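Notes follow the structure.
The values are calculated or read from the model by the stated rules, or taken from the named source; none is laboratory data. Owing to the predicted nature of the structure, the values given are computational and were not obtained by experimental measurement. Note: ideal-geometry Cβ built from the backbone for every residue, glycine included; neighbour counts use all protein chains shown. Surface accessibility is based on the protein's heavy atoms, side chains included, excluding ligands, DNA and RNA. Shrake-Rupley method; radii C 1.70, N 1.55, O 1.52, S 1.80 Å.
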Amino acid sequence: MTVVDGLPTAHAPARRELPPSMVERVTLIMDLFEGRTARLSLEEVARCTRLPRSTAHRILDQLVRLRWLEHTGLGYGLGRRALGFGGGDGAHSRIREAAAARLHHLQIRTGLVVHLAVLDGAEVYYLDKVGGRFAATVPSRVGGRAPAHSTALGKAMLAWLEPEDVEARAGESIGRLTQHTICDIGTLHQELHRIRRRHGLAFERGECFPGIACVATAVRGSEGPVAAISLAGDAWAPLEKAAPLVVDAARQVSRELFPCPETPVRGEHRAAAVPEETWSPQAMDRLLATGQYGDWQ
């Protein structure tokens, strides 16, 4: 009988495999993302790599912070560093495709500049910009970035994150761009609370670019915001009147990205793919009154 450490094999304690090095763990995870469009959940990563869930989550979090991966409502996918900065991202392409028709419709209906952006760390990353005669006066560009805390787009997405996540993203980088920019984390949290009370509508006047005002709302999935849509105009544009159009466009894009499953068979339960917001006529009247009297500025 084979003896191990002085004991018969039948009674020897099972040897535990040494855990792989950190480099090997990261390689195990990165190898799962074979294509630009690959999207995986935390559970799928842990199962496929056989890493403990907590270990997989910790490594994924570090890879997201370093932009090797990104995390959206669609799951984890390759980030801008892994793709080569400026490379096409499958998730971003899907968001652009789902939003394209709605952005053009918004621009035609309002005559204002329409933006589509995603949250990337402490910044917003512009995926699309549709503008008319006013477009040249808005110093944003596709592929450009802006501090999330200074834009309606960024605040609309930050409002649906946990406070700790907001502070991790914006806490160290928060600063003043104009005399109207929020420049401390406490004030930012207060603003995000007001945005949630307005069912996700974010406003800003001159916080990012002097003389430019915006209204935005997030495109949301079951796991949180994946993008945001905004309308931009001059500082005195009556953006509150266009707010329902922005809300409707974002909701349509959300449904395009996260379609509800077909009606389940008897005994099955169906979970809503996209969080629904209730916008009664009375709620909208209160919202427009808030905008009219400037409480959101």
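The figures follow:
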| quantity | calculated |
| --- | --- |
| Peptides ranked, highest mean first, by Cβ atoms within 10 Å: ranges 222-233, 177-188, 140-151 | 222-233, 140-151, 177-188 |
| Residues of the stretch 200-260: accessible area per residue with a 1.4 Å probe, Å² | 32 Å² |
| Under-5 Å amide H pairs with G221, H placed in peptide plane, nonlocal only | V226 |
| Per-peptide average of other Cβ atoms within 10 Å, ordering 63-70, 47-54 highest first | 63-70, 47-54 |
| Additional length obtainable on full extension of the chain from T178 to D31, 0.36 nm per residue less Cα span | 48.6 nm |
| Dipole magnitude of the stretch 122-173, debye to nearest 20 (Cβ charges: Lys/Arg +1, Asp/Glu -1, about Cα centre) | 520 debye |
| Probe 1.4 Å, protein heavy atoms only - accessible area per residue of the stretch 102-163 in square angstrom | 38 Å² |
| The stretch 106-231, Rg to Rh (Cα coordinates; Rh as Kirkwood inverse mean 1/r) | 0.94 |
| Difference of contour (0.36 nm per residue) and Cα-Cα distance, S93 to R109 | 3.3 nm |
